[in-house]
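These notes are about the structure you will find just below.
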Amino acid sequence: MAGESVIVDVVIHRDDWLRVYEGTAWRVWVRARDGRSVVFPARILQPWMEHEGVFGSFMIHYDGDGKFHSVEKIADVPRDTPPSPIG
């Protein structure tokens, strides 16, 4: 079965990202641009962690079984975009 991709806009402020490092948060919940609810491991965004947090539009690629394959940042998002829930 072929894989698929989804585009999500993500904002995780520094204080929330620290929860990932502390081990009290593991997942990000967002609504994809096509309307689907998407949950994925926060750690896949680590390459884009900046001092203030993670801010961007990302294309997440999944394999045919729905398992994470890769992620790429495709654009920036405004810093004042509402934050993405993590847990």
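Odds and ends about this structure:
- Relative contact order for the chain, counting Cα pairs under 8 Å that sit 6 or more residues apart, in percent: 41 percent
- Take the chain with all the other protein chains still there, run a 1.4 Å probe, and you get 61 Å² of accessible area per residue.
- Estimated Rh, region 18-87: Kirkwood, alpha-carbon pairs, angstrom: 13.0 Å
- Charged side chains reduced to their Cβ positions (Lys and Arg at +1, Asp and Glu at -1) give the chain a dipole of some 160 debye around its Cα centre.
- Neighbour net charge for Thr81 - beta-carbon separation under 13 angstrom, K R +1, D E -1: -2
The values are calculated or read from the model by the stated rules, or taken from the named source; none is laboratory data. Since the structure is predicted, the reported quantities are computational estimates derived from the model, not experimental observations. A quick note on method: Cβ atoms are made from the backbone with ideal geometry, for glycine too, and the neighbour counts reach across all protein chains shown. When the accessible area is computed, the model is the full protein with side chains, heavy atoms only, and any ligands, DNA or RNA have been set aside. Shrake-Rupley method; radii C 1.70, N 1.55, O 1.52, S 1.80 Å.
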